[in-house]
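Enquirer: This is the structure, below, for whatever I ask next.
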Amino acid sequence: MRPIWIIVLLSMPALSSCALGPAVRVADTTLPAAYDAPAAPVSDDQRLAQWWALYDDPQLQGLVEEALSRAPDALSAQARLAEALAVRSSALDAYNPQGGLSASAARSQTGVVSGAGTVDFGGHAVNLITTTPIDTYGANFDVSWELDLFGRRRAARRKANADLAAARFDYEASRTSLAANVADSLFLARGLAIQLDDARETARLQGQLSDVASAKYVHGLGARGDAEQAASLVAQAKAQVEDLQSQLHAARRTLLVLVGRGVDPLDSLPTPPSAGTPPPVPASVPGALLAGRPDVREAAAQLISASGQLKLDELALFPTFTLQPGVGLSSNVELGAATTTDLWSIGVGLAQPILDLPRLKSQIRAQGARADQAAIAYQKTVQTAYAEAENALVELASDEARVRLLTLGEAQARSALHSAQLGYGAGLQDLTSVLTAEQTWRSARTALTAAQIQALRRSVQAFKALGGGWSPPPAPITQARR
């Protein structure tokens with residue numbers, strides 16, 4: 001054993017000078033002082049975790065829960081998580097004792113041609129051949145176990161745990177995106193249904209106005225150009241109806257695919273032409289995004305994994321010691337007599353990279369660069385989280401203000417229509433004035449419902465931006481520093 005230790009002691013100074021790889025960049029996660037967004041109460045994790053229940057919409061809640069349990073995206077995310085669990089076990093098992101049981105059985109036949117005697121056969125001397133069968137049986141159990149003198153197993157466990165954490169956060173991020181996509185698609189389909197109803201009513205009004213214009217032209221009370229212009233508007237309104245019908249069909253089919261029922265008929269997914277009011281979205285303090293968004297947690301875990309791989313690459317420069325115990329059993333059976341032999345052995349193996357040092361050093365530099373990329377990606381993910389949360393809150397506040405303004409405008413247009421109807425009943429206004437007032441009201445109503453649907457969709461984006469849709473673990477992952 002003395003030569004082995006001499007080699008190790010001579011190689012340690014060189015290894016200690018080259019094993020220290022490049023320092024990993026520290027990601028800048030400076031917290032903003034505050035959002036440039038309307039003030040709101042601090043979020044409640046439980047409210048964010050089940051944000052779709054805040055809409056008090058049974059159809060929305062049922063579709064989201066169905067998607068999370070049976071949608072292809074949810075099942076794929078679950079399969080990726082199961083793969084990550086298996087990969088982690090495989091990575092750690094590589095540092096456990098390795099080896100296996102081997103067994104063999106053989107029969108051999110030997111013959112002696114000369115010296116065994118002769119016999120006279122037809123005046124010729126023929127040599128006698130004697131044969132002896134020999135049966136051989138053997139079994140061996142050889143083991144190789146790396147002695148963890150430099151912390152390879154600890155570094156591998158740290159990296160494997162980080163990879164598994166990243167996979168879990170990717171699983172949660174996929175589910176949060178799926179829930180948001182289902183809600184957004186449902187509100188989009190309902191908005192198209194509202195627009196389709198409005199377009200049909202607009203086509204009806206344009207048809208009535210066209211009939212009035214045609215009648216005036218026939219009786220010499222109007223110009224031909226007015227009648228033709230009214231007919232053109234009727235054609236445009238009908239074309240809009242056809243376009244919205246196709247868009248609604250596509251939106252409903254897309255929603256069925258999202259929830260895992262892509263082959264079901266459209267009738268199985270009703271989309272009533274109604275718009276609700278988005279619930280109050282709880283704001284989040286800037287620092288809460290680091291623990292509340294799964295994509296941020298995933299980026300942090302990937303940074304830890306990259307740093308762990310760098311540590312493993314550095315440890316590859318050090319010698320590897322393996323303990324090599326083994327036991328065996330062999331048996332020979334010849335002429336009915338059996339001879340059984342058992343044996344055991346124990347040894348220590350040493351592997352020291354010498355000619356591989358340039359390749360290993362290049363690998364360390366490359367992994368250091370990858371770790372820097374992971375730090376930069378984490379920093380970008382954090383900044384993106386801040387920007388998305390701030391923008392979502394600002395845009396939602398703007399949409400809610402638009403809804404309030406358009407609600408006032410719709411009420412005024414409805415009041416004007418009521419006055420026109422009263423005037424028409426009293427003989428003070430003609431039918432054209434009533435139809436024009438109704439058209440103005442329906443345009444205001446269309447703008448209002450479009451703003452309401454937009455506010456609903458913005459609220460979904462806000463819940464997603466704040467990390468809603470999952471429950472963060474109690475202990476957040478911290479950034480790896482070197």
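FYI, it's all coordinate maths here, none of it is from the lab. Computed from a prediction, not measured in an experiment: that's the story for all the values here. FYI the Cβ positions are ideal-geometry reconstructions off the backbone, even for glycines, and counts take in every protein chain you see.
Enquirer: What whole number of Å gives the distance from the Cα centroid of region 374-412 to the Cα centroid of region 182-240?
Expert: Cα centroid to Cα centroid, the span is 34 Å.
Enquirer: Show which lysines lie in cross-link reach of Lys311 when reach means a straight Cα distance below 28 angstrom and same-chain residues fewer than eight apart are skipped.
Expert: List returned: Lys159, Lys361, Lys380.
Enquirer: Using a Förster radius of 22 Å, what is the FRET efficiency between Leu360 and Trp145 based on their Cβ-Cβ separation? Nearest 0.05, please. List each step's numbers first, then the result.
Expert: Working: r = 23 Å, r/R0 = 1.05.
FRET efficiency, Leu360 to Trp145: 0.45.
Enquirer: With a 10 Å Cβ neighbour count serving as the proxy for reagent exposure, in which order, fewest first, do Arg190, Arg157 appear? Intermediate results must be reported in sequence, preceding the final value.
Expert: Values: Arg190 26, Arg157 16.
Sorted ascending by nearby Cβ count, the order is Arg157, Arg190.
Enquirer: Arrange Thr449, Thr320 by Cβ neighbour counts within 10 Å, fewest through most, would you? Provide the component values of the computation, followed by the final result.
Expert: Values: Thr449 23, Thr320 17.
Sorted ascending by nearby Cβ count, the order is Thr320, Thr449.
Enquirer: What spacing in nm lies between the two simple spin-label points modelled at Arg404 and Arg153, each 7 Å away from Cα in the Cβ direction?
Expert: About 6.5 nm separates the two model spin labels.
Enquirer: Between rounded, prolate and oblate, where does region 264-319 land on the alpha carbon gyration tensor, with a ≥ b ≥ c its root eigenvalues, rounded for a/c under 1.5, else prolate if a/b exceeds b/c?
Expert: Details: a/c = 11.06, a/b = 2.24, b/c = 4.94.
In terms of gyration-tensor shape, oblate.
Enquirer: Taking 41 Å as R0, compute the FRET efficiency from the Cβ-Cβ separation of Ser246 and Ala369 and round it to 0.05.
Expert: Working: r = 50 Å, r/R0 = 1.22.
With R0 = 41 Å, the Cβ-Cβ based efficiency is 0.25.
Enquirer: Estimate the FRET efficiency between Ser69 and Gln383 by the formula 1/(1 + (r/R0)^6), using the beta-carbon distance for r and 51 Å for R0, to the nearest 0.05.
Expert: Numbers: r = 34 Å, r/R0 = 0.67.
For R0 = 51 Å, the calculated efficiency reads 0.90.
Enquirer: If each residue of separation counts as 0.36 nm, what is the full-extension length gain between Ile134 and Gln412 once their alpha-carbon separation is subtracted? Display every interim value, and only then the final one.
Expert: On the way: separation 278, 0.36 × 278 = 100.08 nm, distance 10.95 nm.
Full extension of this stretch gives 89.1 nm more.
Enquirer: Using the 10 angstrom Cβ neighbour count as an exposure proxy, how do Val212, Val333 rank, fewest first? Intermediate values should be presented prior to the final figure.
Expert: Details: Val212 19, Val333 15.
So the ranking, lowest neighbour count to highest, is Val333, Val212.
Enquirer: Using the 2.2 N^0.38 Å rule of thumb for compact globular proteins, work out how region 304-406 stacks up: its C-alpha Rg over that value, please.
Expert: Values: Rg = 31.5 Å, N = 103, 2.2 N^0.38 = 12.8 Å.
Taking the Cα Rg and dividing by 2.2 N^0.38 Å, one obtains 2.46.
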